[in-house]
1. Taking the Cβ of each residue in F170, F72 as the centre, tally the other Cβ atoms inside 10 Å and list the residues starting with the fewest.
2. Pick from P181, P136, P66 the residue whose mean-square fluctuation is largest in a GNM of the chain, springs joining Cα atoms under 10 Å.
3. Taking 41 Å as R0, compute the FRET efficiency from the Cβ-Cβ separation of E217 and F10 and round it to 0.05.
4. In Å, what Rg and Dmax follow from the Cα atoms of the chain?
5. Membrane-span-like helices in the chain: DSSP H runs reaching 18 Å or more (Cα, own axis), mean Kyte hydropathy at least -1.0?
6. For the stretch 149-238, with only Lys/Arg (+1) and Asp/Glu (-1) charged at the beta-carbon, what is the dipole magnitude about the Cα centre, in debye rounded to 20?
7. Name the trypsin sites (Lys or Arg not before Pro) in the stretch 129-238 that are in a loop by DSSP and that have at most 16 other C-beta atoms within 10 Å, would you?
8. Kindly write out, for the stretch 184-190 in residue order, the coupling ³J(HN,Hα) from the Karplus curve 6.51 cos²θ - 1.76 cosθ + 1.60 (θ = phi - 60°), rounded to whole Hz, with x marking Gly and Pro.
Amino acid sequence: MARRIGRSPFWQGIIGFLLAKYLRFVQVTSRFTTVPEDIDKAIAGQTPIICAMWHGQHLMISFAWPDTIDRFAALISRHEDAGAQAAALTYLGVTPVRGSGGPADRSRYKGGAPAMRELLRQLESGASVAMTADVPKRARVCGLGIVALAKLSGRPIVPTAVVTSRRIQFDTWDRASLGLPFGRAVVYTGDLVRVPHDADDATMEAARLAVQQGLDEAHRRAYDMVGATDPGAHLRTA
């Protein structure tokens with residue numbers, strides 16, 4: 001019964017509203033440090049961007065929107081359990097795009113999956129996009145989906161980590177975390193990764209590794225800045 005209620009659109013909307021309010025409370029009560037210090041200046045002239053994150057960061061990534069980006073869309077799983085997260089994004093002013101990263105291979109994206117088409121449409125309209133780089137159940141292994149999106153759109157990928165000193169750490173496959181209020185928060189963005197329109201297999205793989213390494217480094221440094229160790233650092237070899 002509880003599971004059925006949790007999957008009802010009405011209750012997912014209520015949960016999403018409360019989650020959005022909570023995230024806003026964490027945001028306004030946290031002391032933020034950004035790297036680079038002026039993220040808006042760092043991405044000036046580069047927008048719209050593709051904001052890359054690891055799974056487990058999806059509840060925190062809304063803290064990372066720079067002031068110069070007024071429209072954001074985010075890829076959210078099609079799974080019915082993710083309805084509350086999609087509702088929360090809507091309340092936070094982010095357009096949810098329902099879809100799945102699927103297998104970490106190129107073939108899924110050649111046919112133009114609906115989510116990929118919508119992400120491209122969002123980028124073409126001037127909205128930046130956030131999506132997880134790793135695919136479900138393969139934590140910290142960057143898939144080709146985000147690289148394909150960069151190739152097709154011509155937009156740069158920005159590896160991003162959002163870490164708080166006070167947080168709930170979940171014992172899930174992706175080591176998801178949820179920030180707590182009245183702590184320190186770090187938004188760390190790595191070097192931009194670009195993928196040329198004519199990228200061949202070797203270039204795509206190089207870009208995939210660059211995103212993966214950029215996200216690893218961003219998380220390592222962000223956790224170090226709040227005096228903690230990245231709980232997901234070992235997941236790729238687990």
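1. Values: F170 14, F72 23.
With the fewest neighbours first, F170, F72 line up as F170, F72.
2. P66
3. Working: r = 42 Å, r/R0 = 1.03.
So, using R0 = 41 Å, E works out to roughly 0.45.
4. Cα radius of gyration and Dmax of the chain are 16.8, 52 Å respectively.
5. Details: long enough: 9-29 (30 Å, 0.87); 201-225 (36 Å, -0.69).
Membrane-span-like by this rule: 9-29, 201-225.
6. 420 debye
7. Details: sites: K137, R138, R140, K151, R166, R167, R175, R184, R194, R208, R220, R221, R236; in loops: K137, R138, R140, R166, R175, R194.
Those that pass, being in a loop and sparsely packed, are K137, R166, R194.
8. My calculation for the stretch 184-190 gives 9, 10, 10, 10, 10, 10, x Hz in order.
Every number here is computed from the coordinates shown, using simple stated rules; none is lab data. Just so we're clear, the structure is a prediction, and the values are computed from it rather than from any experiment. Because the Cβ atoms are built from the backbone with ideal geometry, glycine has one as well, and the counts that use them run over all protein chains shown.
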